[in-house]
Amino acid sequence: MSTGTVAKPSAAPKKAGRRKLTWPWILLIVAAGLVLFSFVRVVSGADDLTSVGQISGALQLAVPIAMAGLGGLWAERAGVVNIGLEGMMILGTWFGAWAGYQWGPWTGVVVGILGGALGGLLHAIITVTFNVNHIVSGVAINILAVGFTQYLSNFTFAEAEGGSSKQSPRIDEITDITIPGLSDWLIDLQQKHWFLISDIAGILGGLVTHLSLLTIVAALLIPATWWLLWRTSFGLRLRSCGENPVAAESLGVNVYKYKYIAVVVSGGLAGLGGAFLAIVSTGIYQEGQTGGRGYIGLAAMIFGNWMPGGMALGASLFGFTDSLKIRGGAENVHALLLLVALLLVIAALWQLYRKKYVVAAISAAFSAAFFLWYFLTDEVPSQFVDAAPYITTLLVLALSAQRLRMPKADGLPYRKGEGK
């Protein structure tokens, strides 16, 4: 038997990983999206789709959701599930309005953040120190926040001039910014309804017209969070607590401290979202005004794959559809049917390219259904208009579910000393 040549085992083929989107590809996708939106606007005649008012309204509606989502990101990156975001937002609305109508809107913002942070601290004590189930703790905080604010309103707002047991007196406005000249020019350009050019003008005009200073502060918190959590040693330690707290503790990281910091900051951000609702969006506290935005913020965070940029995109999507509902009602939402049908055509073609024929066929079938719905009707039922933002959120979450990767130790129980 010859042993002169021995066949070496061939190396296993490397698995092709998903390609990371580069800036040229991102810009190309954005440009294609603008062209598609402009086409839908021209065909449907729904000129408010990309108007200055629509974009400005979408931005205002997206901020509270983005702050709740950012709060959820802080907590979950440290390994603590925060279902209590809704309750922390409620605390932010109440404390923000209570301080705002007495001592001014900026004081209201600070006190609203502190109110949300108080809810975060309570959640941290229950989940981190006493190791109670995170979902149970979050639901309990949501219930407590509703009862607590109702109780406080009975002997604060009810006795104040212009208030009642269900709402606060009017709060002074926070200064907003409009760039003179540029804003007027962009509005004029948008009102000409030219293909693509007017759409770009409408989007840019919404960013420079009646922009609240608090909106700018909230927007800056998103890149600030990315830098702090992904570019500093503090952020590395905090994220290690959400990935492998035992290993982090063995390297000298005080896991409890970082979890506490993350959950308190989480509550403060949710409180900021609540204060924004009371002070900027409406100028008044009203019972139940959060309307489930804490839960939507959590959904936006999941859609964004626990990353600040993706979370901001998810919040913007919900804010945009919510603004469409408010500004144009049935006409705007009806135009969305055409947009969804076209997106499903693109999805079907992409799945054909990837040789996933069953998924392509399903996408094509749904696309045909949406095309028929659009061309055979002039408007959509009012119930569908009201539900459109929530349906959009559920659809996006369902379509993006395969790409999600949560922190490995998110929601898992941890006891101090396990790493020793």
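The values are calculated or read from the model by the stated rules, or taken from the named source; none is laboratory data. Treat the numbers as computed from the prediction; the structure is a model and nothing was measured. Please note: Cβ atoms are built from the backbone with ideal geometry, for glycine as well, and neighbour counts cover all protein chains shown. Note: areas computed on protein heavy atoms with side chains; ligands, DNA, RNA excluded. Shrake-Rupley method; radii C 1.70, N 1.55, O 1.52, S 1.80 Å.
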ask   = What 222 nm value per residue comes from the helices of the chain, counting each DSSP H run with n ≥ 4 as -39,500 (n - 2.57) and dividing by all residues, nearest 500 deg cm²/dmol?
value = -22500 deg cm²/dmol
request  = Only Lys, Arg, Asp and Glu count, each charged at its Cβ (+1, +1, -1, -1), so figure out the dipole size of the chain about its Cα centre, rounded to 20 debye.
outcome  = 2540 debye
inquiry  = Compute the orientation-averaged projected area for segment 13-168 from the convex hull of its Cα atoms and round it to one decimal in nm².
reply    = 16.0 nm²
key: Cα pair distances exceeding 20 angstrom across segment 31-118, given as percent   = 55 percent
key: Two-decimal ratio, segment 302-360, of alpha-carbon radius of gyration to 2.2 N^0.38 Å   = 1.44
key: Shape parameters for segment 92-248, alpha-carbon atoms, Rg then Dmax in Å   = 21.7, 61
task = Give the carbon-plus-sulfur fraction of the accessible surface of segment 28-144 in %, rounded to a whole number; probe 1.4 Å, heavy atoms of protein chains only.
result = 80 percent
note = On the accessible surface of segment 262-348, probed at 1.4 Å with all protein chains in place, carbon and sulfur together account for a percent value of 68 percent
ask   = How much FRET efficiency would the formula 1/(1 + (r/R0)^6) give for Leu372 and Ser233, where r is the Cβ-Cβ distance and R0 is 51 Å, rounded to 0.05?
value = 0.35
note = Options [x] 24.3, 103; [y] 26.2, 121; [z] 22.2, 78 for Rg and Dmax of the Cα atoms in Å; the value derived from the coordinates is listed as [x]
task = Classify segment 150-194 as rounded, prolate or oblate, taking a ≥ b ≥ c as the square roots of the eigenvalues of its Cα gyration tensor: rounded when a/c is under 1.5, otherwise prolate if a/b is larger than b/c and oblate if not.
result = prolate
ask   = Using a 1.4 angstrom probe and counting only protein chains, how large is the accessible area of Tyr260 in Å², to 10?
value = 60 Å²
Segment 335-382: radius of gyration and largest Cα-Cα distance (Dmax), Å = 11.8, 39
ask   = Accessible area, 1.4 Å probe, largest first: how do Thr282, Thr392 sort?
value = Thr282, Thr392
inquiry  = Using the crude model of +1 on Lys and Arg Cβ and -1 on Asp and Glu Cβ, and no other charge, please compute the dipole size for segment 270-411 relative to its Cα centre, in debye to 20.
reply    = 760 debye
query = Net charge near Ala335, counting Lys/Arg +1 and Asp/Glu -1 over other residues with Cβ under 14 Å of its Cβ?
reply = -3
note = In cubic angstrom per residue, the convex hull of segment 192-329 built on its Cα atoms measures 148 Å³
